[in-house]
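Chemist: Structure below; questions to follow.
The values are calculated or read from the model by the stated rules, or taken from the named source; none is laboratory data. All values derive from a computational prediction rather than experimental measurement. Cβ atoms come from the backbone with ideal geometry, glycine included; neighbour counts cover every protein chain shown. Ligands, DNA and RNA are excluded from the accessible area calculation, which covers all protein heavy atoms including side chains. Shrake-Rupley method; radii C 1.70, N 1.55, O 1.52, S 1.80 Å.
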Amino acid sequence: LLVRPGTQDRAIIGNGRPPAPRNSRDERVNPKPPRAKPLTDRRIGNTPAQNEMVHDDIARLKAAGITITEVRINQQQVNILGQRIGIGRPDTQLTIVQGSLPGGQRIYIEYDRSTSNRAMPHMFRLLSNDPNAIVILKQVN
């Protein structure tokens, strides 16, 4: 549903083991997260297509009848328990609680341009902080 066929999009499913050591600043972060900001007009960058795709993906999940909670756009990383686990700001993060995907699964989505080389470092950092999550890397131009 979120990985578009025929694109460079990919989903990486955490296996419970961090793929790399955690960033020391992430390890020391206060686990109490700030409140989730309203989703309206939240942006992830200067590229209109990226900002549009963020909101389209959230709408697509809701239209499919999938219940999502703890949706955050461009805010510090929070896990399925509602604990802040990193200072990095995933483009989109949410928890799927029912629907066609496994219930109770934390998902992080990164939207990068084809000219960017940040997708894999983002994935490693996100899964190092939350090794049971799903990370979706989307290419947007």
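Chemist: Name all residues of segment 34-58 having a backbone nitrogen under 19 Å from the label point set 7 Å from the Cα of Thr67 along its Cα→Cβ direction, giving them as ranges.
Modeler: 58
Chemist: Taking H as built 1.01 Å from N, whose amide H comes closer than 5 Å to the amide H of Thr92, not counting residues under 5 places away?
Modeler: For Thr92, the qualifying residues are Asn74, Ile109.
Chemist: Still on this model: Can you give the Rg/Rh ratio of the chain, where Rg is from the C-alpha atoms and Rh is the Kirkwood radius? Mind showing how you got there, number by number?
Modeler: Working: Rg = 14.1 Å, Rh = 15.2 Å.
Checking Rg against Rh, the ratio lands at 0.93.
Chemist: Would you mind getting the accessible area per residue of the chain, heavy atoms of the protein chains only, 1.4 Å probe, in Å²?
Modeler: 55 Å²
Chemist: When DSSP assigns beta bridges and you keep just the ones with both residues in the chain, what percent turn out antiparallel, to the nearest 5?
Modeler: 70 percent
Chemist: Residue separation times 0.36 nm, minus the C-alpha to C-alpha distance between Asn141 and Arg25: what's the value?
Modeler: Answer, rounded to one decimal: 38.6 nm.
Chemist: Rounded to the nearest 500, what is the chain's calculated 222 nm mean residue ellipticity when only DSSP H runs of at least 4 contribute -39500 (n - 2.57) each, over all residues?
Modeler: Per the formula, -6500 deg cm²/dmol.
Chemist: Expressed as a whole percentage, what fraction of the accessible surface of segment 41-93 belongs to carbon and sulfur atoms when a 1.4 Å probe is rolled over the protein heavy atoms?
Modeler: Ligands and nucleic acids excluded, carbon and sulfur reach 45 percent.
Chemist: Cα centroids of segment 1-78 and segment 118-141: how far apart, whole angstrom?
Modeler: Value for the Cα centre distance between the two parts: 9 Å.
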